[in-house]
Structures are given as structure tokens and as C-alpha cells.
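Heads up: the structure comes next, in C-alpha cells.
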């Protein structure tokens, strides 16, 4: 199988964990979309679930597939969420997320989820987070330059994310994203420091959230757990 087929197999593996009656968090991004697609097929076959999407794009996909949706206003806890990641740290299963721009909603959903399952290909596995991928940081547009200076004081090299037309990217929540390159960082300590920066809405370090990761590689689908 080629990598796309392997990623689809990993997504199907994660989707198989969903059972009747579950409230399911529906992740964002290309690999998570494969899992949503697999769930859509199971719904057509009779699976009864309710989804909570982590982005407007995912919500549109789920509606097109006939997956019933709800909100966190109507339910306070999610049984299982399937999502992707930009980086997965081998030993801890800590994550970097947010390349797709949905990190705020993804973390809100992850925070009220009993079991967060991540689907990736093996290129996303790393020894240490932020070694090769910047940390996405969602910030309030007002005074974002001041927020960027606070990030620089932590050793970051923040870069405002732009659309193809050169205008600032705007998240579903109406915020900008600064992609912050770091060197030689402790992800857990950095996450705590980022939590206290004024103007910062949320960051893409997901520490202690993931319970298992389904990894697509040339040898098949491997499941990593903590």
C-alpha cells in the first residue's frame, strides 16, 4: 500500500474503536478527515453516534456524510475523540497540533474527552517536540505584535501565518496564528510558560492528552499507548 492507503488504514483502525451511542470528537486535518470518512461509512451501515466537530470544515464533512452533530452546550463529556497531529513524541505521546489552524477547538474538545486517539503516519514521530516543527500559537489580533515580543522573550522566533493572498490567516475563532520556532526546549515547561502570556489564546502543545496513537508506516498500522 502507498502512504495514503496506509493512513486510511490507520484511520479505519481508530474509527473501529467507536461503538453505538458514543459522543465522538471529530478531529481536523487531512488524516483526521479519513477517520471521519470511515465513521461516515459506519453510520450509513447503522452505527448510531453523535459527533462534535473541532472545525467548521470538519462539521461540513460530517453533515455531508450524515453524521448527527451536537455541541458542548448540549453535552459536557465526550467518550472518544479521533484527531491528527503534527508531531508525536515517542515516549510520552505528547503532541504538537495546529498546522491546520484548529488548535483551540481541538484542545477544548480534547480536554473534555475520556479517550483521545491520534492518527498519524510515521513521519510525525519525533524524539523531542518542536525539534523540527514550529509550535502554533493562537493569539488575539489586537496587539498581536506585543504578544509576539513576549514570545520572543521566551526564545521563540514567531512568524505570523498568512493565507495565499498574503493576508493574515484567521482561525474559526477569529484569531491569528503565530508559528513559533524554538530550539532546545522542554515542551512541558514551555507549555506552562505559554499558558501565562497575555494575548495568547491557546498553543499547540498538547501535553498529557493522547492515550493512544495509530501510526501508519510501510510495515502497516502500529498502535502506541501510554
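The values are calculated or read from the model by the stated rules, or taken from the named source; none is laboratory data. Bear in mind the structure is a predicted one, so any value in this text is a computation, not a measurement. Here Cβ is always computed from backbone atoms with ideal geometry, including for glycine, and neighbour counts include all displayed protein chains.
Considering 30, 76, the condition of being out of contact with any strand residue (DSSP E or B) (no Cβ under 6 Å at 6 or more places or on another chain), at pLDDT below 95, outside the structural domain of residue 188 (by TED's automatic domain parsing) and within 23 Å of residue 178 (Cα to Cα) is satisfied by 30 alone. Of the residues 184, 195, the single one that is more than 17 Å from residue 141 (Cα to Cα), more than 16 Å from the chain's Cα centre (by Cα) and at pLDDT 95 or above is 195. Counting only residues that are farther than 22 Å from residue 7 by Cβ and either surrounded by 24 or more Cβ atoms within 10 Å (Cβ to Cβ) or touching a helix residue (DSSP H, G or I) at 6+ places or on another chain (Cβ under 7 Å) (or both), region 106-139 holds 5 of them. Is it the case that region 108-118 has a residue that's out of contact with any strand residue (DSSP E or B) (no Cβ under 8 Å at 6 or more places or on another chain), assigned by TED's automatic domain parsing to the domain that holds residue 37 and under 23 Å from residue 30 (Cα atoms)? Scanning region 108-118 turns up at least one residue that is out of contact with any strand residue (DSSP E or B) (no Cβ under 8 Å at 6 or more places or on another chain), assigned by TED's automatic domain parsing to the domain that holds residue 37 and under 23 Å from residue 30 (Cα atoms). Of all the listed residues (147, 75), the sole one being over 24 Å from residue 196 (Cβ atoms), in contact (Cβ under 8 Å) with a residue 24 or more places away in the chain and either more than 19 Å from the chain's Cα centre (by Cα) or assigned to a strand (DSSP E or B) (or both) is 75.
Scanning region 165-182 for residues that are part of a loop (DSSP other than H, G, I, E, B) and in contact with a helix residue (DSSP H, G or I) (Cβ under 6 Å, 6 or more places away or on another chain) gives 172, 173. Residue count for region 21-68 under the criterion of being in contact with a helix residue (DSSP H, G or I) (Cβ under 6 Å, 6 or more places away or on another chain), surrounded by fewer than 20 Cβ atoms within 10 Å (Cβ to Cβ) and farther than 24 Å from residue 6 by Cα: the result is 1.
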